[in-house]
Amino acid sequence: EAVGSPLTRANTQFGELMAAGDYFSTPDSALLDAITGDFTLAVNFSATNLSAVNDAIVSKYVSSVNCSYLLRISTGFPQLFVSQDDTGSSQNFITGSVNLTSVAANDENLWLIAQYDISADEVTFSYSLQSPTTTASALVPVALGTVQSLVSTGIYNGTQSLMYGAHGATGTGDNFAGRINRGYVIASTDLTVSPVSDFTPGSYVSGSTL
């Protein structure tokens, strides 16, 4: 589902989020429910302002109620939130050590990748300047600083929709400004594993589910 002005961008090669309250979403599914441990979030986007205070990139997350995971940018730094345990009632988060403005400019296409290893309680942030059409298995991540510690005893198998450009029950949290070009959600830290979700705005048809 495209909510707000993204509807005007249907059948293009990107989804443009032009105003507060704009986002893309797809309902919870059995495939998304496979993420209860290791996972990878990889999204290609261009941000109007990479230094924005908080911009949600991809989420399945309602804070302290139905939280599974949230990847966002906070004043240029990547942040990953995960459920503290498999109840989804609380969350932990970590902020990356390298600012994205050091690797990309405003309005420049950028892959942001977060790989979470639940057994090691570690997240690896990386980036790539490869084409937005790059398949997940062909991505060559470049590390954004060192591996970060992030503790979870189980990723919550919640009912929240998967969202691009927002989070929260009604998509009003940390609305992103810019373009979302492609997004992968993988139930592994291995990029060669088939994604459980492959978001491609270019194939969107108005009235359908992404």
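Computed quantities for the displayed model
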quantity: Any chance S126 is closer than 18 Å to A56 by Cα and at pLDDT 95 or above; calculated: yes
quantity: Search result, residues across region 126-143 that are under 25 Å from A105 (Cβ atoms), open to solvent by 30 Å² or more (accessible area, probe 1.4 Å) and not in a loop (DSSP other than H, G, I, E, B); calculated: Y127, A138, V142, A143
quantity: Residue within region 184-193 that is of a type outside the set (F, W, Y) and modelled with pLDDT under 95 present; calculated: no
quantity: Residue satisfying all of: in region 194-209; over 22 Å from E122 (Cα atoms) and crowded, with 19+ Cβ neighbours inside 10 Å; modelled with the lowest pLDDT among these; calculated: Y204
quantity: Only one of T159, T146 that is more than 25 Å from S25 (Cβ to Cβ) and open to solvent by 20 Å² or more (accessible area, probe 1.4 Å); calculated: T146
quantity: Leading residue by the ranking (farthest from S74 (Cα to Cα)) among those in region 153-179 that are in a loop (DSSP other than H, G, I, E, B) and among the aliphatic types (A, V, I, L, M); calculated: I155
quantity: Of the criteria (1) under 13 Å from the mean Cα position of the chain (by Cα); (2) under 28 Å from V65 (Cβ atoms); (3) open to solvent by less than 20 Å² (accessible area, probe 1.4 Å), which one H167 fails; calculated: (3)
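The values are calculated or read from the model by the stated rules, or taken from the named source; none is laboratory data. Owing to the predicted nature of the structure, the values given are computational and were not obtained by experimental measurement. Every residue, glycine among them, receives a Cβ derived from its backbone with ideal geometry; neighbour counts consider all protein chains shown. SASA here: full protein model, heavy atoms, side chains in, ligands and nucleic acids out. Shrake-Rupley method; radii C 1.70, N 1.55, O 1.52, S 1.80 Å.
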